[in-house]
Amino acid sequence: MSMSKRPLTRRDFLKATSAAATATFAATPGLAYAQMVGSGAPFPDYRALVCVFLYGGNDSFNMLVPRSDAEYGVYAASRQNLAIAQDDLLPISPLTSDGVDYGLHFSMGATRSLFEAGNAAFVTNVGPLIAPTTKDQFFNQSVPLPPQLFSHNDQQDQWLTLRGRSQSKTGWAGRIADLIRLNVADQQMATNASLFGSNLFQAADETIAYVMGPGGPLRFEGLSGDPGAGLAYAQRQAFDRIVDAGYGSIYERGFAAVQRRAIDAADRVSAAIENARAAGAVTTVFPPGQLGTQLDTVAHLIAARDELGMQRQVFFVAAGGFDSHDNQNEDQPGLLANVSDSIAAFFAATVDLGIADAVTTFTQSDFGRTLTSNGDGTDHAWGGNQLVVGGSVAGRELYGSYPLLEIGGADDVGGGRLIPTTSADQFAATLARWFGIPEADLDTVAPHLANFTERDLGFMV
Amino acid sequence: MKRAQVLACLALVALAGCSSGSGGGKEPPPPPPPPPPISQAEAYRFLNQASFGATEAEAERLRAMGIEAWIDEQMGLPMSRQLPHLQALPPPTFMFELQPDRADIWFRNALHGPDQLRQRVAFALSEIMVVSELGVLSDQPFALASYYDTLAAHAFGNYRDLIEAVTLHPAMGAYLSMLGNEKPDPARNIRPDENYARELMQLFSIGLVELNPDGSVRLDANDEPVPTYDQAVIEGFAHVFTGWTYAGAPVFQGAFPSEFRQITPMELWPEFHDTGEKLLLRGVTLPPGQGGAADLAAALDNIFNHPNVGPFIAIRLIQRLVTSNPSPGYVARVAAVFDDNGSGVRGDLGAVVRAILTDAEARPANPIEIDGKLKEPLLRLTQLWRAYDAVSASGRYPYNFAYIIFGQGPLQSPSVFNFFSPFYAPPGEIRDSSLVAPELEIATEYLNTFFTNYMFIQTFAWNHTADPANPEITEDTVLIDFAAEAALAADADALIDRVADTLLAGRISTTLRNEIAGMLALVPADQGVLRAAETIYLVVTSPEFAYQR
């Protein structure tokens, strides 16, 4: 049986053992990668992960909603004035059923099309965990819990670092980049690139993420590396020597290091993007807005992968505004439509480039939100649903275990804050394995993976 | 008395704080010893901590009067305000159209306000108790201006008054959704909004974990940090913060934010306030039925008296004004002043600011590599602008796009977590040493390039020689004036010395001096403007200018 099409039922979900998972993956490229990463040899192919972070905590139990009467009734009773009308949900038809019908938020038609075509999947009720946690264990604190649950920045950090109760200051993409740094030594840009500022996701011990703008890097005005450029060339030389001078404080050194990286990459990466735009290989038009602009740039960076000698890339893009304490019914449709349309456009762009199988896009967010309302919005909770899109996604499936959305139910620790039934570590490890991280190193990427039975959720082919 | 004698006497009064000795019956008390002389470099260091950028003129004044007297004078000055500026403008068609004017008045006050210390502390507070134009307040410029004025008004006041004013300000109410927060309605599965309760404790007052008086994290018997509160306490405070909405609103939720409502403290609607018992910090419980105002006062007292507030606020204000990595002793000394200003008063922010700025660690004679901090982009910009009398033809500074090109702007944070985290540690030696450099979080490759390019345009194009007929120059383009530098630019050494004095207190590294000299050798001696622009450009984009010693 193919792991990738594993049904969604709790029974089946719990059936897989790590032994089975290991046996399955011996037949996949994972083993070959293990040897390759160990040797430091270049990868034979190109792969990219694109993290779409939804800042503020996406209310994802309104993104993927049960449609069957019984389960919908429970949902509607919990959500009251924030419930999406049953008839407004866009029906989806997963290949494997857990016995419940589901639908998507009415603004996510583009995602529904991707899902039905087998290029998208959801991982349900996933969130930071240190070990599997029941409601009793939560209340008697008999298992370790992620610190500062329900706090924005702490739970963002949990998703981005998977650090649990440790003091680790590296992100899971940062650790991935460190693990493969010898294999990608010839890349002309860092493995990790952010189009949304500094982030913990890509923080690492050995490698440094490159931060560009939503439209790509900027060039330095008046500085030229061309010896024929006269004063601009001399100015660049002077600028270089000033940046490279030794400095007495950690602050000057830290600032100079950023300037160094910026100068090194600006011209090269800008030119690569411009060349890719000129070549016109990406014909998809992206929706306007922050996220669409970032993903448009990522598409052109991917188009320029050969020019930059890239083999492995992790992109960080983001959208804000998901902290729907207020006006949720007014704001959520536009927010989700933007996510849906932008990610669908990005997938189409990778199809334009003939590289859809090598690019996987996934969402992360601070947390899910309370099932209960504060009047016109929701507060911070825990587990939520995440979207995964790409040609190598075992799509048209729901992974994990979709919970009963019941106040006071088995997964609710109060106010409709649901304990995740799948861990962010499992989610990350599944993506990391596909990316080329060997089995033995997955525990470095996802430090609590060993606490969970399934080392791979199966959503990647 | 001759004028010179008068001036000498005035100077003496200012220096020593002595009485005029008019000959009363009693022997006047001996004057305190005069303040130690301040070097030019030290005056610059102090003024970069306490103002929006040292200038030669202010440094001279400071050296004449001494630091304590300068602080006294500053704390006594009338306050520069934002709100009257907005209210004096013609009413806009749409409220959001006033946001450039709000940025304008922020820059006017930062550049030209006599009350530099108050404005600088208000800016620091605006990065701790954050509200932002980006989001629900985008069409509420009056609320933002009024909020900033509120921070400035309390900058040297009492912290307890400050958090009450912040809590009831409609800008904060709208931003963190306490405004319109209603009591529970179990039938509709509605419970109080937890947003403000959470961020007030996490970001504005005590933080997530218990602190020792020196700011270090207190550990329990298992070496684990001790949380300051749990979800039950957040829910307790969330219930406290029910029942408040816009002043004079016809409805509890959904009232239009008129100018009046944007600037008037929120009002209590008792029927929307939860009347039950409420759990607060450290096991305190509020009795049921005492009403919303009494609940609010007691809850803010409960936070105010938490022992974390002193070290928590000390660390944040020290980081904004002086250094990213204060020693435990420095934090403890400032926190002790928060706890008791010497007159038995807790929460005296004026005393806290003074303690921060006059501590020996604020300006050590022999700085070590972790002393000081990176200057925020806005502070680098204002220092340049103050040094070279930046002004536009219109007199305005409507840079409300600041957050895009500098990564920060006045009340333009991307979220309540500010532009950067107090805990940010970039990879490499800073993180490896368990140190922090908050401002480096927005010194990304992208934003550094933006800033560097802005400075290129500012120095080479947007200067006193700019041609108003040039379509690239609008009446709002801010121009710097370095005519004096251009006039002496034929002498490269004199030019470099002068710019180094103006921007670096005369402390310029050999590398920077040599590289500037090398560039000047390529520019003809009669190209004074170009030579001066080149010099200023290389200084203001250098790592040493970005560093606040």
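The values are calculated or read from the model by the stated rules, or taken from the named source; none is laboratory data. Quick caveat, the model's predicted, so the values are computed rather than measured. Virtual Cβ from ideal backbone geometry, glycine too; neighbours counted across all protein chains shown.
Take the residues in the stretch B:79-122 that are of a type in the set (Lys, Arg) and over 17 Å from B:Asn400 (Cα atoms); name whichever of them is surrounded by the fewest Cβ atoms within 10 Å (Cβ to Cβ). Give the derivation first.
Taking the stretch B:79-122 as the starting set, the residues that turn out to be of a type in the set (Lys, Arg) are B:81, B:102, B:108, B:118, B:120.
Filter once more, keeping what is over 17 Å from B:Asn400 (Cα atoms): B:81, B:118, B:120.
On the way: B:Arg81: 19, B:Arg118: 25, B:Arg120: 27.
Among those that are of a type in the set (Lys, Arg) and over 17 Å from B:Asn400 (Cα atoms), it is B:Arg81.
Six or more apart or on different chains, Cβ under 6 Å: which pairs go from a residue in the stretch B:253-264 that's free of Cβ contacts under 8 Å to residues at least 60 places away in the same chain to one that's assigned to a loop (DSSP other than H, G, I, E, B) and surrounded by 16 or more Cβ atoms within 10 Å (Cβ to Cβ)? Could you list them?
B:Ala255/B:Tyr246; B:Ala255/B:Ala249
Here's the yes/no breakdown for (1) in contact with a Cys (Cβ under 9 Å, 6 or more places away or on another chain); (2) buried (at least 24 other Cβ atoms within 10 Å of the Cβ); (3) under 19 Å from A:Gly56 (Cα atoms):
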residue	(1), (2), (3)
A:Tyr102	no, yes, no
A:Pro144	no, no, no
A:Gln156	no, no, yes
A:Lys169	no, no, no
A:Ala185	no, no, no
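Taking B:Ala155, is it closer than 30 Å to B:Leu47 by Cα and modelled with pLDDT of 95 or more?
yes
Out of the stretch B:168-199, which residues are touching a Leu at 6+ places or on another chain (Cβ under 8 Å), surrounded by 23 or more Cβ atoms within 10 Å (Cβ to Cβ) and more than 14 Å from A:Asp323 (Cβ to Cβ)?
B:Pro170, B:Ala171, B:Gly173
Can you tell which of B:Tyr196, B:Tyr159, B:Tyr147 is more than 21 Å from B:Gln319 (Cβ to Cβ) and under 19 Å from the mean Cα position of the chain (by Cα)?
From the options B:Tyr196, B:Tyr159, B:Tyr147, the qualifying one is B:Tyr147.
Name every residue in the stretch B:179-207 that is under 14 Å from B:Ile303 (Cβ atoms) and either in a loop (DSSP other than H, G, I, E, B) or not small (Gly, Ala, Ser) (or both), in order of residue number.
B:Tyr196, B:Arg198, B:Glu199, B:Leu200, B:Met201, B:Gln202, B:Leu203, B:Phe204, B:Ile206, B:Gly207
Which of the residues belonging to the stretch A:398-425 are touching a Pro at 6+ places or on another chain (Cβ under 6 Å) and in a loop (DSSP other than H, G, I, E, B)?
Answer for the stretch A:398-425, where residues must be touching a Pro at 6+ places or on another chain (Cβ under 6 Å) and in a loop (DSSP other than H, G, I, E, B): just A:Asp411.
If you take the residues of the stretch B:429-465 that are among the small types (Gly, Ala, Ser) and within 7 Å of another protein chain (Cβ to nearest Cβ), which of them is surrounded by the fewest Cβ atoms within 10 Å (Cβ to Cβ)?
Restricting to residues being among the small types (Gly, Ala, Ser) and within 7 Å of another protein chain (Cβ to nearest Cβ), the top hit is B:Ala437.
Pick out the one residue from A:Ala185, A:Ala131, A:Ala193 that is outside any helix (DSSP H, G or I), more than 8 Å from chain B (Cβ to nearest Cβ), touching a residue at least 12 places away in the same chain (Cβ under 8 Å) and closer than 26 Å to B:Ile404 by Cβ.
Only one candidate passes the filter, namely A:Ala193.
Please give the number of the condition B:Ala487 fails out of (1) away from every other protein chain (no Cβ under 14 Å); (2) under 23 Å from the mean Cα position of the chain (by Cα); (3) over 30 Å from B:Phe401 (Cβ atoms); (4) of a type outside the set (Lys, Arg).
(2)
So, A:Phe138, is that one in contact (Cβ under 8 Å) with a residue 24 or more places away in the chain, more than 22 Å from the chain's Cα centre (by Cα) and more than 30 Å from B:Val209 (Cα to Cα) or not?
In short, no.
Given the criterion away from every other protein chain (no Cβ under 14 Å) and in contact with a Pro (Cβ under 8 Å, 6 or more places away or on another chain), identify the matching residue among B:Asp501, B:Asp493, B:Asp481, B:Asp476.
Of the residues listed, the single one that is away from every other protein chain (no Cβ under 14 Å) and in contact with a Pro (Cβ under 8 Å, 6 or more places away or on another chain) is B:Asp476.
If we scan the stretch A:249-264, do we find a residue that is facing chain B (nearest Cβ under 8 Å), farther than 21 Å from B:Glu376 by Cβ and either touching a helix residue (DSSP H, G or I) at 6+ places or on another chain (Cβ under 6 Å) or assigned to a loop (DSSP other than H, G, I, E, B) (or both)?
Scanning the stretch A:249-264, I find no residue that is facing chain B (nearest Cβ under 8 Å), farther than 21 Å from B:Glu376 by Cβ and either touching a helix residue (DSSP H, G or I) at 6+ places or on another chain (Cβ under 6 Å) or assigned to a loop (DSSP other than H, G, I, E, B) (or both), so the answer is no.
Restricting attention to the stretch B:405-428, which residues are more than 10 Å from every other protein chain (Cβ to nearest Cβ) and on the phi > 0 side of the Ramachandran plot?
Passing the criteria: B:Leu411, B:Asn418.
Considering only the stretch B:123-153, how many residues are touching a Leu at 6+ places or on another chain (Cβ under 8 Å), more than 15 Å from B:Leu83 (Cβ to Cβ), surrounded by fewer than 23 Cβ atoms within 10 Å (Cβ to Cβ) and away from chain A (no Cβ under 14 Å)?
The qualifying residues number 2.
Suppose we filter the stretch B:504-522 for residues that are outside any helix (DSSP H, G or I) and more than 10 Å from every other protein chain (Cβ to nearest Cβ); how many remain?
Residues meeting the conditions: 4.
If the Cβ limit is 9 Å and pairs must be 6+ apart or interchain, which residue in the stretch B:357-376 that is polar (S, T, N, Q) pairs with which residue that is outside any loop (DSSP other than H, G, I, E, B)?
B:Thr358/B:Ile67; B:Thr358/B:Glu68; B:Thr358/B:Ile71
When the stretch B:209-240 is examined, which residues are found to be surrounded by fewer than 16 Cβ atoms within 10 Å (Cβ to Cβ) and either in contact with a strand residue (DSSP E or B) (Cβ under 9 Å, 6 or more places away or on another chain) or not in a loop (DSSP other than H, G, I, E, B) (or both)?
B:Val217, B:Arg218, B:Leu219, B:Val226, B:Pro227, B:Ala232
In this structure, does A:Thr378 turn out to be of a type in the set (S, T, N, Q), touching a residue at least 40 places away in the same chain (Cβ under 8 Å) and touching a helix residue (DSSP H, G or I) at 6+ places or on another chain (Cβ under 9 Å)? Explain how you work it out, then say what you get.
Numbers: of a type in the set (S, T, N, Q): yes; touching a residue at least 40 places away in the same chain (Cβ under 8 Å): yes; touching a helix residue (DSSP H, G or I) at 6+ places or on another chain (Cβ under 9 Å): yes.
Answer is yes for this residue.
Mind counting the residues in the stretch A:148-167 that are within 11 Å of chain B (Cβ to nearest Cβ) and either assigned to a loop (DSSP other than H, G, I, E, B) or closer than 24 Å to B:Leu435 by Cβ (or both)?
Matching residues across the stretch A:148-167 total 10.
Say we look at the stretch A:207-237 and pick out the residues that are farther than 20 Å from A:Arg261 by Cβ and of a type in the set (Gly, Ala, Ser); which of these is nearest to the other protein chains (Cβ to nearest Cβ)?
That would be A:Ala234.
Take the stretch A:285-328 and flag every residue that is touching a Gly at 6+ places or on another chain (Cβ under 9 Å) and in a helix (DSSP H, G or I).
A:Gln290, A:Thr293, A:Gln294, A:Asp296, A:Thr297, A:His300, A:Leu301, A:Gln328 - these are the residues of the stretch A:285-328 that are touching a Gly at 6+ places or on another chain (Cβ under 9 Å) and in a helix (DSSP H, G or I).
Considering each residue of the stretch B:242-288, count those that are farther than 29 Å from B:Pro227 by Cα and assigned to a loop (DSSP other than H, G, I, E, B), and give that number.
The qualifying residues number 17.
Restricting the search to the stretch A:379-397, which residues are assigned to a loop (DSSP other than H, G, I, E, B) and either at pLDDT below 95 or small (Gly, Ala, Ser) (or both)? Before you say what the answer is, go through the steps one by one.
Kept after step one, since they are assigned to a loop (DSSP other than H, G, I, E, B), are these residues of the stretch A:379-397: A:379, A:381-383, A:391-392, A:394-396.
Residues satisfying the conditions are A:Asp379, A:Ala381, A:Gly383, A:Gly391, A:Ser392, A:Ala394, A:Gly395.
State which residue is nearest to A:Asp296 (Cα to Cα) when the search covers only the stretch A:355-378 and only residues that are more than 11 Å from chain B (Cβ to nearest Cβ) and assigned to a loop (DSSP other than H, G, I, E, B).
Among residues in the stretch A:355-378 that are more than 11 Å from chain B (Cβ to nearest Cβ) and assigned to a loop (DSSP other than H, G, I, E, B), the one nearest to A:Asp296 (Cα to Cα) is A:Ile355.
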